[in-house]
Amino acid sequence: MARNKIALIGSGMIGGTLAHLAGLKELGDIVLFDIADGVPQGKGLDIAQSSPVEGFNANLTGASDYAAIEGADVCIVTAGVARKPGMSRDDLLGINLKVMEQVGAGIKKYAPNAFVICITNPLDAMVWALQKFSGLPRNMVVGMAGVLDSSRFRLFLSQEFNVSVQDVTAFVLGGHGDTMVPLARYSTVGGIPLTDLVKMGWVTKERLEEIIQRTRDGGAEIVGLLKTGSAYYAPAASAIEMAESYLKDKKRVLPCAAYLSGQYGVNDMYVGVPTIIGAGGIERIIEVEFTKAEQEAFDKSVAAVAGLCEACVGIAPSLK
Ligand SMILES: NC(=O)c1ccc[n+]([C@@H]2O[C@H](COP(=O)([O-])OP(=O)(O)OC[C@H]3O[C@@H](n4cnc5c(N)ncnc54)[C@H](O)[C@@H]3O)[C@@H](O)[C@H]2O)c1
Ligand SMILES: O=C(O)C[C@H](O)C(=O)O
């Protein structure tokens with residue numbers, strides 16, 4: 001059986017890390033693409049030269065011509081710019097929207113059957129625009145954010161309780177911005193919801209709120225430390241988890257920015273919700289019940305994403 005083909009559109013900090021992880025996990029042959037000619041070729045060659053040491057088999061190539069992604073099974077999109085200290089993700093909208101138009105055209109022409117994972121920020125608006133620019137089926141275009149935000153929440157909780165990260169589950173829903181919604185009631189330690197752990201005296205409500213706020217600020221914390229760009233190891237690992245679930249039909253339950261057509265009362269938008277990813281792409285959107293407070297937080301987040309989509313239409317009226 002031929003190997004899967006994975007196209008990485010954008011070969012910067014996340015793109016290079018994605019290529020390395022996809023190689024180490026033997027997910028398939030890898031094509032790195034970037035407009036900065038030489039970068040995808042150089043990173044591809046460098047990672048390929050690690051394969052004899054690491055013991056993985058994969059062809060890694062780099063290109064600046066979309067023809068190279070022809071027939072890709074998975075495309076992971078990181079093309080665009082990242083924020084620097086003092087900027088919000090939303091400040092990237094204008095420049096990255098233009099990039100999504102080019103990327104969408106390239107995918108439409110050369111990889112129309114791919115499962116497409118968008119990472120470029122501001123995430124929920126960019127994946128929405130990318131789906132429209134590419135014309136690919138909505139269940140085959142998804143945004144990565146919830147896996148990352150939930151992973152951050154899981155790490156902070158495991159550190160707070162001094163337990164293994166493996167025994168902590170978390171769901172962060174809504175848009176990937178300051179209004180994201182980490183859900184304490186649907187996050188657990190050893191299967192026990194955080195709300196019960198508060199009652200059991202493991203953590204105070206106030207301390208839990210601090211951890212939730214640190215999760216919301218997780219991206220900005222790293223931008224502030226790095227100063228030259230944003231997080232890339234955890235974002236890459238998160239997207240690889242999604243790609244692997246698709247390629248191996250694992251049917252993982254993962255929070256992702258998925259196209260909503262009435263679920264959660266939302267129409268024609270991408271917002272972070274629990275999904276099942278398998279060979280059919282987004283095979284199912286799980287609709288959990290919200291309390292009044294959770295619903296209000298989710299609605300606020302959806303409104304923020306809607307504002308960004310409107311801003312996109314203002315720049316590119318064809319998106320309407
Ligand atoms: N969704 C998330 O959770 C999440 C997490 C981290 C970063 N991000 C976002 O991911 C994006 C990439 O981050 P990064 O750290 O890899 O940035 P980076 O600057 O290191 O890499 C981006 C790459 O895109 C390339 N590029 C720019 N315009 C292009 C075009 N038109 N076509 C093809 N390639 C193009 C650049 O040459 C660069 O190599 C940013 O928008 C960042 O905000 C999102
Ligand atoms: O914070 C950023 O700008 C990058 C990304 O969205 C993140 O959450 O790390």
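Compactness of region 137-250, taken as the C-alpha radius of gyration over 2.2 N^0.38 Å, stands at 1.12. Candidate membrane-span-like segments in the chain, meaning DSSP H helices with Cα atoms spread over at least 20 Å of their own axis and a Kyte-Doolittle mean of 0.5 or above, are 292-315, with no membrane implied. Using a Gaussian network model on the chain with a 10 Å cutoff between Cα atoms, which of 223, 273, 116 fluctuates the most? In the Gaussian network model the winner is 223.
Considering only beta bridges that DSSP places wholly inside the chain, some 50 percent are antiparallel.
The gain in end-to-end length when the residue 35 to residue 300 segment is fully stretched comes to 91.8 nm, 0.36 nm per residue minus the alpha carbon separation.
With K and R counted +1 and D and E -1, the other residues having a Cβ less than 10 Å from that of residue 23 yield a net charge of -2. If R0 is taken as 56 Å, the Cβ-Cβ distance between residue 200 and residue 50 corresponds to a FRET efficiency of 0.75. Between region 42-120 and region 186-222, the alpha-carbon centres lie 34 Å apart. Over the chain, the ratio between the Cα radius of gyration and 2.2 N^0.38 Å evaluates to 0.97. Taking +1 at the Cβ of each Lys and Arg and -1 at the Cβ of each Asp and Glu, which of 162, 223, 318 sits farthest along the dipole of the chain towards its positive end, judged by Cα position relative to the Cα centre? The residue sitting farthest along the positive end of the dipole is 318.
Only Lys, Arg, Asp and Glu carry charge here, each on its Cβ (+1 for the first two, -1 for the last two); on that basis the chain has a dipole of about 140 debye about its Cα centre. With a Förster radius of 25 Å applied to the C-beta separation of residue 283 and residue 88, the computed FRET efficiency comes to 0.15.
Protein heavy-atom accessible surface, 1.4 Å probe, per residue over the chain: 44 Å².
Per residue, the chain reaches -13500 deg cm²/dmol at 222 nm when only DSSP H runs of four or more residues are counted, each adding -39500 (n - 2.57). The GNM of the chain, with springs linking C-alpha atoms under 10 angstrom apart, assigns the highest mean-square fluctuation among 140, 180, 200 to 200.
Its residue count N sets the reference 2.2 N^0.38 Å, and the alpha-carbon radius of gyration of region 62-131 equals 1.13 times that reference. Using a 1.4 angstrom probe on heavy atoms only, work out the carbon and sulfur share of the accessible area of the chain in %. Heavy-atom surface of the chain belonging to carbon and sulfur, 1.4 Å probe: 53 percent.
Applying a DSSP loop filter and a limit of 13 other Cβ atoms within 10 Å to the trypsin sites (Lys or Arg not before Pro) in region 212-310 leaves 227, 248. Among the lysines of region 79-232, pairs that are 8 or more positions apart or on different chains and have alpha carbons within less than 14 Å of each other number 4.
The values are calculated or read from the model by the stated rules, or taken from the named source; none is laboratory data. Please read these numbers as outputs of a predicted model, since none were measured by experiment. All Cβ positions, even for glycine, are placed from backbone atoms using ideal geometry, and neighbour counts span all protein chains on display. For accessibility, only protein heavy atoms count, side chains too; no ligands or nucleic acids. Shrake-Rupley method; radii C 1.70, N 1.55, O 1.52, S 1.80 Å.
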